[in-house]
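Take a look at the structure set out below.
The values are calculated or read from the model by the stated rules, or taken from the named source; none is laboratory data. Keep in mind it's a predicted model, so treat the numbers as computed, not measured. Every residue, glycine as well, gets a Cβ built from its backbone with ideal geometry; the counts of neighbours run over all protein chains shown.
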Amino acid sequence: MSEVLFYHLERRGLEDILPGLLERTRERGWRALVRTGSAERLAALDTHLWTYTEQGFLAHGTAADGHASRQPVFLTTEDENPNRAEVLFLVDGAMDASWEKPETKSLTRIALLFDGGDPNMVTKAREAWKAAKGAGHEVTYWKESPSGKFEKQG
């Protein structure tokens, strides 16, 4: 079973949160897969991860870049894992096709990031919580504190 972390974004946007989570994932030696809800969001994140800091960039790729199996971080809109990632990030409304799939259960961690200001995303996150828990995954809920740090709830 996978550890599934639900990140409720309230104060900062995805572009502010995702790079740091991906950096920590890479520091642990894990490969990451970022599944987005649209091709437009994928393109925006692709650009952002190359430019989000003046000190460097986060090496990553997309299907357009080729060599998916070599990418430490791979961005996609598809239900795939071409870089053999241990960690899956679901963003921008992307959901896992089935929390019951062996491929999903074999992941070390799944992080679902959702915009708390969007009622549709909150509803989708609640449905995903129920499905992930029902499939036997270990689920936790993380909410931004007033200082901007994520705190585990409950």
Considering the stretch 6-41, residues that are among the aliphatic types (A, V, I, L, M) and in contact with a helix residue (DSSP H, G or I) (Cβ under 9 Å, 6 or more places away or on another chain), and then whichever is farthest from Asp65 (Cα to Cα), we arrive at Leu9
Can you pull out every residue in the stretch 138-154 that is among the polar types (S, T, N, Q) and farther than 19 Å from Met1 by Cβ?
Ser145, Ser147, Gln153
Matching option when the condition is within 11 Å of Leu5 (Cα to Cα) and touching a residue at least 12 places away in the same chain (Cβ under 8 Å), among Ala135, Ala111, Ala131:
Ala111
Which number in (1) in contact with a Ser or Thr (Cβ under 6 Å, 6 or more places away or on another chain); (2) hydrophobic (A, V, I, L, M, F, W, C); (3) touching a residue at least 60 places away in the same chain (Cβ under 8 Å) marks the one condition that Ala125 misses?
(1)
Is it true that some residue in the stretch 87-95 is at pLDDT 95 or above and farther than 21 Å from Tyr7 by Cβ?
no
For the stretch 93-106, give me the residue count where each residue is in a loop (DSSP other than H, G, I, E, B) and either β-branched (Val, Ile, Thr) or under 20 Å from Leu42 (Cβ atoms) (or both).
5
Collect the residues in the stretch 69-94 that are within 13 Å of Trp30 (Cβ to Cβ) and among the aliphatic types (A, V, I, L, M), keeping them in residue-number order.
Val73, Ala85, Val87, Leu88
Residues that are buried (at least 18 other Cβ atoms within 10 Å of the Cβ) and of a type in the set (Lys, Arg): which strands (runs of 3 or more DSSP E) entirely in the stretch 1-92 hold 1 or more of them?
32-35
From (1) farther than 23 Å from Arg28 by Cβ; (2) among the small types (Gly, Ala, Ser); (3) under 17 Å from the mean Cα position of the chain (by Cα); (4) at pLDDT 95 or above, pick out the condition that doesn't hold for Ala63.
(3)
Name the residues in the stretch 98-119 that are surrounded by fewer than 14 Cβ atoms within 10 Å (Cβ to Cβ) and in contact with a helix residue (DSSP H, G or I) (Cβ under 8 Å, 6 or more places away or on another chain), would you?
Ser98
